[in-house]
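I have placed the structure first, in the form of structure tokens, so that the comments after it can refer back to it.
The values are calculated or read from the model by the stated rules, or taken from the named source; none is laboratory data. Note that the structure is predicted; figures quoted are calculated from it, not measured. Cβ sites come from the backbone with ideal geometry, for glycine too, and all protein chains shown count toward neighbours. Protein only, heavy atoms only, side chains kept; ligands, DNA and RNA dropped before computing areas. Shrake-Rupley method; radii C 1.70, N 1.55, O 1.52, S 1.80 Å.
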Amino acid sequence: MNANISRLYDNLLQLAASSQTLGINLIRVTILIVFIWIGGLKFQNYEAEGIVPFVANSPFMSFFYTQKAPEYKNYKLKEGEFDAAKHEWHVRNNTYGFSHGLGILIMAIGVLVFLGIFSARIGLAGAILAVIMTVGTLSFLVTTPEVWVPDLGSGEAGFPLLSGAGRLVVKDTVILAGALVALSDSARRILRKRNADGIQNR
């Protein structure tokens, strides 16, 4: 009985060990799904309006907007809400134009990461861009006040209490880890091919 259990355990270990490539490619597929979905949403006004606090407070992206923080606080819209005056402010602010460009970039990165299944070099480029993008997103934890629960009298406010916006940001740690795994795999495949070509040319 013990021998059968031990054999089954060994077989499960072998199966798990052999699934590494499948797991890495599934990471690429999930990054594709998330990036295509999130990038596509950037063409919706409610999503473009929702990212304004992040962009307006970022030292790396705020120049894409014409209005300076914290003016945006007077023009916030709830998801699904429409206000003509606030909408016009967002038009002037380049809220929608920037969001569309960002959406295209996000979707392109997702496609490049996915193509790493077939081409290590393309996958390497996509993974590098995904790492840069997620690090940029995580920087919002430092630059954007709205990621933390505001002090409204309950006594529950500030670090480490993430608001809804903050909880959306911190999940990028998982995407960053996945992008680093894809990056490592692409680099390893490139080096392995280079070494194999070197041996053949000797």
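Quick notes on this structure:
- Subset of region 103-129 that is open to solvent by less than 40 Å² (accessible area, probe 1.4 Å) and under 30 Å from residue 68 (Cβ atoms) - its residue that is nearest to the chain's Cα centre (by Cα): 106
- Every residue from region 50-69 that is of a type in the set (Val, Ile, Thr) and surrounded by fewer than 15 Cβ atoms within 10 Å (Cβ to Cβ): 66
- Every test in (1) under 20 Å from the mean Cα position of the chain (by Cα); (2) surrounded by 17 or more Cβ atoms within 10 Å (Cβ to Cβ) is passed by residue 29 save one, and that test is (2).
- Of all residues in region 33-49 being surrounded by fewer than 18 Cβ atoms within 10 Å (Cβ to Cβ) and among the aromatic types (Phe, Trp, Tyr), the one that is farthest from residue 77 (Cα to Cα): 37
- Subset of region 89-102 (residues that are open to solvent by 10 Å² or more (accessible area, probe 1.4 Å), in a helix (DSSP H, G or I) and not hydroxyl-bearing (Ser, Thr, Tyr)): 91, 92, 97, 98, 100, 101, 102
- Look at region 114-135: where a residue is within 11 Å of residue 179 (Cα to Cα) and touching a residue at least 12 places away in the same chain (Cβ under 8 Å) and a partner is assigned to a helix (DSSP H, G or I) and among the acidic types (Asp, Glu), sitting 6+ places away or on another chain with Cβ atoms under 7 Å, you get 134/172.
- Options 154, 163, 186; residue that is of a type in the set (S, T, N, Q), farther than 19 Å from residue 125 by Cα and at pLDDT 95 or above: 163
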